[in-house]
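Enquirer: So that we are looking at the same thing, I have put the structure below in structure tokens.
The values are calculated or read from the model by the stated rules, or taken from the named source; none is laboratory data. Keep in mind that what you see is a predicted model, and the values were worked out from it rather than measured. Please note: Cβ atoms are built from the backbone with ideal geometry, for glycine as well, and neighbour counts cover all protein chains shown.
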Amino acid sequence: MRTLAALVVLIPTLAAADQVFLKDAGSVEGRIVEQTATSVKVDVGGGIVGFPMDRVDRIVKGRCALDDYEDRASKLGPKDLAGWKKLGRWAADQGLSAQAKHAYKQVLKVDPNDADANAAMGLVQLDGKWVTEEESYRARGYVQYDGEWMTPAEAQIAQTREANDRARRDAEQRARDAEAATREAESRAKEAEARAKEAESRQYNYPMYWGGWGYGVSTWPAGPAGGKR
Amino acid sequence: MCGVASSIALAALAMAATGAPPPTVDSVVSDYIAARGGLAKIRSLQTLRQKGHAFAGPGREAVVVRELKRPGKVRFEFTHQGITGVYVTDGTKGWQVAPFHGDASVHPMSEDAVADAMEQADIEGPLIDWKAKGHVVELAGRETIGGHDAFKLKVTLKSGGTRFDYIDAKTHYEVRTEMTREIGGRPVRMETSFADHRMTNGILFPRTIEVAAAGRPNPLRIVVDSIELNPTISDERFKRPAGLD
């Protein structure tokens with residue numbers, strides 16, 4: 001009963017489960033929490049995303065994975081380790097990482113050392129202890145450069161390349177400044193803006209390299225799925 | 001270069017000692033094609049749909065679907081937390097809808113992603129009919145991949161890109177591809193390893209693909225759960241939205 005109550009807080013109970021198809025491509029599956037003539041907001045289980053209606057192709061009412069998750073979770077007792085593990089695995093298979101984490105949290109309450117649950121919570125085993133990925137990378141000698149973990153040698157190569165690029169850019173910039181001194185102020189303003197954008201883009205967000213199977217997604221999405229409820 | 005030449009010479013000597021003819025590009029590719037199910041079967045592949053899961057580290061898992069259609073069309077869908085992003089190339093240009101941050105609009109795909117997509121757009125892979133496609137393939141030696149002897153093929157694509165394909169000397173399966181991509185302004189060497197090869201209706205496919213970027217600690221692993229050969233896939237799935245030119 002307590003579990004069910006927790007889920008009600010976690011996932012607001014709504015009347016319908018919907019799939020919102022966007023024009024041209026893409027879709028969002030979840031529950032509509034608000035729909036007006038101009039916009040629609042969908043609870044996807046890990047957060048709420050909104051879209052203007054002029055981008056929406058069609059909305060299909062139906063039962064979604066969130067409903068199934070809620071049903072299955074409500075039937076599990078708090079000590080049902082196997083049941084929560086199975087549900088966590090199922091949620092992960094559906095791409096419902098927030099629900100998977102919720103299920104695995106129940107597993108950890110019963111068995112704090114469960115390997116699947118710890119992995120699902122983003123922890124890795126290092127010398128018999130469960131630690132964060134960041135801690136494991138540091139312990140294994142990796143360094144963080146430009147928002148990515150890499151070997152010190154790779155970081156050195158990248159740093160040298162960037163220094164050379166910056167020197168080249170600076171030289172080009174000086175030449176341009178000499179030719180057009182009157183545009184210097186404008187040029188510096190643009191450069192500052194570019195640096196700000198670059199700094200923003202360097203925030204660590206798990207780069208993904210597909211290398212020949214899949215493409216397009218360059219960083220792990222941290223939008224609503226990684227957001228707070 | 002010396003290393004490559006000497007390993008080819010050594011391979012030739014070894015073959016001469018056993019009486020078998022030394023491997024050539026044509027014999028390696030021919031064995032590879034046979035192991036995949038044969039040229040006729042591969043050429044019969046007009047469309048392909050693969051579904052699976054991508055794992056990018058602990059707690060990061062997504063559902064992925066890849067659709068390919070001759071000529072040169074690829075559609076890739078990435079579903080995470082109920083949101084599906086779509087990345088498409090029609091063989092020339094790419095576009096995407098990635099509503100993960102609430103942005104439902106259509107955007108042109110990045111050059112890096114288009115480069116990835118273009119290489120995948122060849123539904124049968126670059127080694128099939130490579131001469132007709134204008135690629136150049138050279139035997140660049142032998143290496144040990146995962147404890148097994150493999151032929152190393154240097155593939156210079158017609159587009160100018162270069163990749164190395166490794167063909168297991170015993171099974172003749174493709175076990176690894178290496179390529180370099182410009183990512184974030186830096187060249188990054190990537191190794192894509194293929195494992196768990198299985199036949200699907202007479203054509204061989206790897207069911208586990210692992211992509212490791214040089215010096216990065218966390219590889220991306222893709223597990224292919226299902227493969228459909230020649231499913232009906234409408235051209236509309238790859239159609240570029242108006243106004244994106």
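Enquirer: Scan the stretch B:135-144 and tell me whether some residue there is part of a strand (DSSP E or B) and under 27 Å from B:PHE78 (Cβ atoms).
Expert: From the stretch B:135-144, those part of a strand (DSSP E or B) are B:136-144; that's our starting set.
Restricting the remaining residues to those that are under 27 Å from B:PHE78 (Cβ atoms) gives none.
No, because not a single residue in the stretch B:135-144 is part of a strand (DSSP E or B) and under 27 Å from B:PHE78 (Cβ atoms).
Enquirer: Next question. Would you confirm whether or not the stretch B:65-74 contains a residue that is more than 7 Å from every other protein chain (Cβ to nearest Cβ), acidic (Asp, Glu) and either under 30 Å from A:SER39 (Cβ atoms) or not in a strand (DSSP E or B) (or both)? Show your work before the answer.
Expert: To start, the set of residues in the stretch B:65-74 that are more than 7 Å from every other protein chain (Cβ to nearest Cβ) comprises B:65, B:67-74.
From what is left, the residues that are acidic (Asp, Glu) are B:67.
Pick out the ones that are also either under 30 Å from A:SER39 (Cβ atoms) or not in a strand (DSSP E or B) (or both) and you get none.
No: zero hits.
Enquirer: Moving on. Residues that are in contact (Cβ under 8 Å) with a residue 60 or more places away in the chain and within 13 Å of chain B (Cβ to nearest Cβ), at least 1 per element: which strands (runs of 3 or more DSSP E) completely within the stretch A:36-87 meet that?
Expert: Values: elements: A:39-43, A:48-52, A:56-61.
Where strands (runs of 3 or more DSSP E) fall fully within the stretch A:36-87 and carry at least 1 residues being in contact (Cβ under 8 Å) with a residue 60 or more places away in the chain and within 13 Å of chain B (Cβ to nearest Cβ), they are A:48-52.
Enquirer: Sticking with this structure for a sec: Can A:GLN173 be described as under 16 Å from B:GLY185 (Cβ atoms) and at pLDDT 85 or above?
Expert: The answer is no for A:GLN173.
Enquirer: Restricting to the stretch B:142-168, what's the tally of residues that are modelled with pLDDT of 95 or more and in contact with a helix residue (DSSP H, G or I) (Cβ under 9 Å, 6 or more places away or on another chain)?
Expert: 10
Enquirer: Just name the residue that is nearest to the chain's Cα centre (by Cα) out of those in the stretch B:77-118 that are touching a residue at least 60 places away in the same chain (Cβ under 8 Å) and closer than 20 Å to B:PHE164 by Cα.
Expert: B:ASP116
Enquirer: Please verify whether the stretch B:89-103 includes one or more residues that are assigned to a strand (DSSP E or B) and within 7 Å of chain A (Cβ to nearest Cβ).
Expert: Scanning the stretch B:89-103, I find at least one residue that is assigned to a strand (DSSP E or B) and within 7 Å of chain A (Cβ to nearest Cβ), so the answer is yes.
Enquirer: Here are A:ALA115, A:ALA139, A:ALA158: which of them is modelled with pLDDT of 90 or more and closer than 21 Å to B:ARG216 by Cα? First the steps, then the outcome.
Expert: Numbers: A:ALA115 fails: closer than 21 Å to B:ARG216 by Cα; A:ALA158 fails: modelled with pLDDT of 90 or more.
Of the residues listed, the single one that is modelled with pLDDT of 90 or more and closer than 21 Å to B:ARG216 by Cα is A:ALA139.
Enquirer: Moving on. Out of everything in the stretch B:104-155 that is among the β-branched types (Val, Ile, Thr) and over 30 Å from A:LEU22 (Cβ atoms), what residue ends up being farthest from the other protein chains (Cβ to nearest Cβ)?
Expert: Initial filter on the stretch B:104-155 (among the β-branched types (Val, Ile, Thr)): B:106, B:114, B:123, B:128, B:136-137, B:144-145, B:155.
Subsequent filtering for residues that are over 30 Å from A:LEU22 (Cβ atoms) retains B:128, B:136-137, B:144-145, B:155.
On the way: B:ILE128: 15, B:VAL136: 19, B:VAL137: 17, B:THR144: 21, B:ILE145: 15, B:VAL155: 12 Å.
So, considering only residues that are among the β-branched types (Val, Ile, Thr) and over 30 Å from A:LEU22 (Cβ atoms), the one farthest from the other protein chains (Cβ to nearest Cβ) is B:THR144.
Enquirer: Scan the stretch B:117-126 and tell me whether some residue there is modelled with pLDDT under 95, assigned to a helix (DSSP H, G or I), out of contact with any Phe, Trp or Tyr (no Cβ under 7 Å at 6 or more places or on another chain) and surrounded by 19 or more Cβ atoms within 10 Å (Cβ to Cβ).
Expert: Going through the stretch B:117-126, the residues modelled with pLDDT under 95 turn out to be B:117-126.
Then keep just the ones that are assigned to a helix (DSSP H, G or I); that gives B:117-120.
Filter once more, so that each one left must be out of contact with any Phe, Trp or Tyr (no Cβ under 7 Å at 6 or more places or on another chain): B:118-119.
Add one more test, that the residue is surrounded by 19 or more Cβ atoms within 10 Å (Cβ to Cβ), and what stays is B:118-119.
Looking for residues that are modelled with pLDDT under 95, assigned to a helix (DSSP H, G or I), out of contact with any Phe, Trp or Tyr (no Cβ under 7 Å at 6 or more places or on another chain) and surrounded by 19 or more Cβ atoms within 10 Å (Cβ to Cβ), one finds at least one in the stretch B:117-126, hence yes.
Enquirer: Among (1) within 9 Å of another protein chain (Cβ to nearest Cβ); (2) over 22 Å from B:VAL223 (Cα atoms), where does B:GLY57 come up short?
Expert: (2)
Enquirer: Among the residues of the stretch B:175-215, count how many are more than 22 Å from B:GLY146 (Cβ to Cβ) and polar (S, T, N, Q).
Expert: Summing the residues that are more than 22 Å from B:GLY146 (Cβ to Cβ) and polar (S, T, N, Q) in the stretch B:175-215 gives 2.
Enquirer: Report whether or not B:THR180 is out of contact with any His (no Cβ under 9 Å at 6 or more places or on another chain), surrounded by 19 or more Cβ atoms within 10 Å (Cβ to Cβ) and modelled with pLDDT under 95.
Expert: Working: out of contact with any His (no Cβ under 9 Å at 6 or more places or on another chain): yes; surrounded by 19 or more Cβ atoms within 10 Å (Cβ to Cβ): no; modelled with pLDDT under 95: yes.
Here the answer is no, as B:THR180 does not meet what is asked.
Enquirer: Is it true that B:VAL223 is more than 9 Å from chain A (Cβ to nearest Cβ), of a type in the set (A, V, I, L, M), touching a residue at least 24 places away in the same chain (Cβ under 8 Å) and within 26 Å of A:PRO207 (Cα to Cα)?
Expert: Details: more than 9 Å from chain A (Cβ to nearest Cβ): yes; of a type in the set (A, V, I, L, M): yes; touching a residue at least 24 places away in the same chain (Cβ under 8 Å): yes; within 26 Å of A:PRO207 (Cα to Cα): yes.
In short, yes.
Enquirer: If the requirement is being hydrophobic (A, V, I, L, M, F, W, C), at pLDDT 90 or above and closer than 16 Å to B:GLY57 by Cα, which of these qualifies: A:ALA91, A:ALA100? Walk me through it before giving the result.
Expert: Details: A:ALA91 fails: closer than 16 Å to B:GLY57 by Cα.
On inspection, the qualifying residue turns out to be A:ALA100.
Enquirer: For the stretch B:144-164, which positions are charged (D, E, K, R), crowded, with 19+ Cβ neighbours inside 10 Å and out of contact with any Pro (no Cβ under 8 Å at 6 or more places or on another chain)? Full working, then the answer.
Expert: Taking the stretch B:144-164 as the starting set, the residues that turn out to be charged (D, E, K, R) are B:149, B:152, B:154, B:158, B:163.
Of the ones still in play, those that are also crowded, with 19+ Cβ neighbours inside 10 Å are B:152, B:163.
Listed by number, the list holds a single entry, B:LYS152.
Enquirer: Go through A:ALA103, A:ALA119, A:ALA115 for me and flag whichever is buried (at least 21 other Cβ atoms within 10 Å of the Cβ), at negative phi and under 23 Å from the mean Cα position of the chain (by Cα). Walk me through how you get there before you give the answer.
Expert: Details: A:ALA119 fails: buried (at least 21 other Cβ atoms within 10 Å of the Cβ); A:ALA115 fails: buried (at least 21 other Cβ atoms within 10 Å of the Cβ).
Testing whether each residue is buried (at least 21 other Cβ atoms within 10 Å of the Cβ), at negative phi and under 23 Å from the mean Cα position of the chain (by Cα) leaves just A:ALA103.
Enquirer: Would you be able to tell me the number of residues in the stretch A:99-128 that are closer than 27 Å to A:GLU154 by Cβ and either within 12 Å of another protein chain (Cβ to nearest Cβ) or part of a strand (DSSP E or B) (or both)?
Expert: Number of matching residues: 6.
Enquirer: Kindly check whether there is at least one residue in the stretch B:188-204 that is charged (D, E, K, R), assigned to a loop (DSSP other than H, G, I, E, B), in contact (Cβ under 8 Å) with a residue 12 or more places away in the chain and surrounded by 15 or more Cβ atoms within 10 Å (Cβ to Cβ). Can you show your working first?
Expert: Just the residues of the stretch B:188-204 that are charged (D, E, K, R), to begin with: B:189, B:191, B:196, B:198.
Okay, now just the ones that are also assigned to a loop (DSSP other than H, G, I, E, B), so none.
No, the stretch B:188-204 contains no residue that is charged (D, E, K, R), assigned to a loop (DSSP other than H, G, I, E, B), in contact (Cβ under 8 Å) with a residue 12 or more places away in the chain and surrounded by 15 or more Cβ atoms within 10 Å (Cβ to Cβ).
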